[in-house]
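The values are calculated or read from the model by the stated rules, or taken from the named source; none is laboratory data. Since the structure is predicted, the reported quantities are computational estimates derived from the model, not experimental observations. In this analysis, Cβ positions are derived from the backbone assuming ideal geometry, glycine residues included, and neighbour counts consider all displayed protein chains.
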Amino acid sequence: MSKLEPVRLMSASGQLGYGVLKPAFERGLTHEPHMIGADMGSVDPGPAYLGMGKIATDPEITRRDLTMLLEGARSLGVPLIIGTAGTAGAAPHLDQSPGHRAGRRTGSGSPSSSPRSAPISPRTGC
């Protein structure tokens, strides 16, 4: 029986847009995770945001959080996985999510530096 190698996963935030603490995030990066993940959804604001198709967090703080995570993931060459984009994760929330385009704002714009993204639409189904 061969020994399995450990996999290091870093959970950066339970709700992006409420502020990721930069010193804590940077300390996490020193552990060289193989993947960085964060959630961007919450039931805390209640059902109104789902029904209205609006994001509950401040777009600028959300963009700051996502940019920090994306830059950290890119610095290590690891994937960044975001769950439940835009508070409730429905199509209008995904479309409004600042993170949907955060990589284009932080990259140099050349094809080799542009991050690949693969949003999984709520319309996709299981």
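Table: residues versus (1) out of contact with any helix residue (DSSP H, G or I) (no Cβ under 8 Å at 6 or more places or on another chain); (2) modelled with pLDDT under 90.
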position: Arg8; (1), (2): yes, no
position: Ser11; (1), (2): yes, no
position: Gly14; (1), (2): yes, yes
position: Gly19; (1), (2): no, yes
position: Pro23; (1), (2): yes, no
position: Leu29; (1), (2): no, no
position: Pro33; (1), (2): no, no
position: Gly37; (1), (2): yes, no
position: Asp44; (1), (2): yes, yes
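For the range 59-68, enumerate the residues that are of a type outside the set (A, V, I, L, M, F, W, C) and closer than 16 Å to Leu21 by Cβ. Give the steps one after another, and end with the answer.
Start the filter on the range 59-68 by keeping residues that are of a type outside the set (A, V, I, L, M, F, W, C), which leaves 59-60, 62-65, 67.
Those that are of a type outside the set (A, V, I, L, M, F, W, C) and closer than 16 Å to Leu21 by Cβ: Thr62, Arg64, Asp65, Thr67.
Scanning the range 12-38 for residues that are outside any helix (DSSP H, G or I) and of a type in the set (Gly, Ala, Ser) returns Ala12, Ser13, Gly14, Gly17, Gly19, Gly37, Ala38.
The set of residues in the range 36-53 being surrounded by fewer than 17 Cβ atoms within 10 Å (Cβ to Cβ) and either farther than 21 Å from Ile81 by Cα or over 19 Å from the mean Cα position of the chain (by Cα) (or both) consists of Asp44, Pro45, Gly46, Pro47, Ala48, Gly51, Met52, Gly53.
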